[in-house]
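The block underneath contains the structure these notes are about, expressed in structure tokens.
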Amino acid sequence: MTQQGAVLQGYNNELVKCIEDLCMQREELSKQIQQAEEERNKLQHEIQVLSEQLDHVCETLAQKVASRNELDKILAETEAAYMKILDSSRTLLNVLKKEVGSFRHSPDTK
């Protein structure tokens, strides 16, 4: 009977060791899970911050593009008006040259 008791005691010792090993593995896994959850939370926060920054940059970009488009329109209108002024100035100069030329060639001025 003592031999059976010794065998039973050996099984018991081995069983306790296995349980302790499983407990240690569980504890290590729990630490890894906690670290992973902390990393996940950190990354989610960074994503939120970056998303807010992206939204702000997109809004600013849209405003700047709209402003640039408005300036392009104003520049085009101004250039068109300036070209009309140049054309009118050229026409006026040509008319004035003709008038001066005809005034010099008129018989009354000689």
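With 0.36 nm allotted per residue and the present C-alpha distance subtracted, the GLN34-GLU20 stretch has 2.9 nm of extension available. Build a GNM of the chain with springs between Cα atoms under 10 Å apart, and of GLU14, GLU37, GLU79 the one that fluctuates most is GLU14. Between the Cα long axis of helix 2-104 and the first principal axis of the chain there is an angle of about 0°, rounded to the nearest 10.
With all protein chains kept in place, the per residue accessible area of the chain amounts to 96 square angstrom at a probe of 1.4 angstrom.
Only one residue of LEU93, VAL7, LEU54 has its Cα farthest out toward the positive end of the dipole of the chain, where Lys and Arg carry +1 and Asp and Glu -1 on Cβ, and that residue is LEU93. Distance between the pseudo-spin-label points of HIS56 and MET83 (7 Å out from Cα toward the beta carbon): 4.3 nm.
Multiplying the sequence separation of ARG68 and LEU8 by 0.36 nm and subtracting their Cα-Cα distance, what value in nm do you get?
On the way: separation 60, 0.36 × 60 = 21.60 nm, distance 8.76 nm.
Here the segment from ARG68 to LEU8 would lengthen by 12.8 nm.
Within the straight-line cut-off of under 20 Å between alpha carbons, the lysines reachable from LYS42 are LYS31, sequence neighbours fewer than 8 places apart in one chain being disregarded.
Calculated [222 nm] ellipticity per residue, helices only, for the chain: -36000 deg cm²/dmol; basis is -39500 (n - 2.57) per DSSP H run with n ≥ 4, divided by all residues, nearest 500.
The values are calculated or read from the model by the stated rules, or taken from the named source; none is laboratory data. Everything quoted here is computed from the prediction, not taken from an experiment. Using ideal geometry, Cβ is built from the backbone for each residue, glycine included, and neighbour counts are taken over all protein chains shown. What goes into the accessible areas is simple: the full protein's heavy atoms, side chains included, and nothing from ligands, DNA or RNA. Shrake-Rupley method; radii C 1.70, N 1.55, O 1.52, S 1.80 Å.
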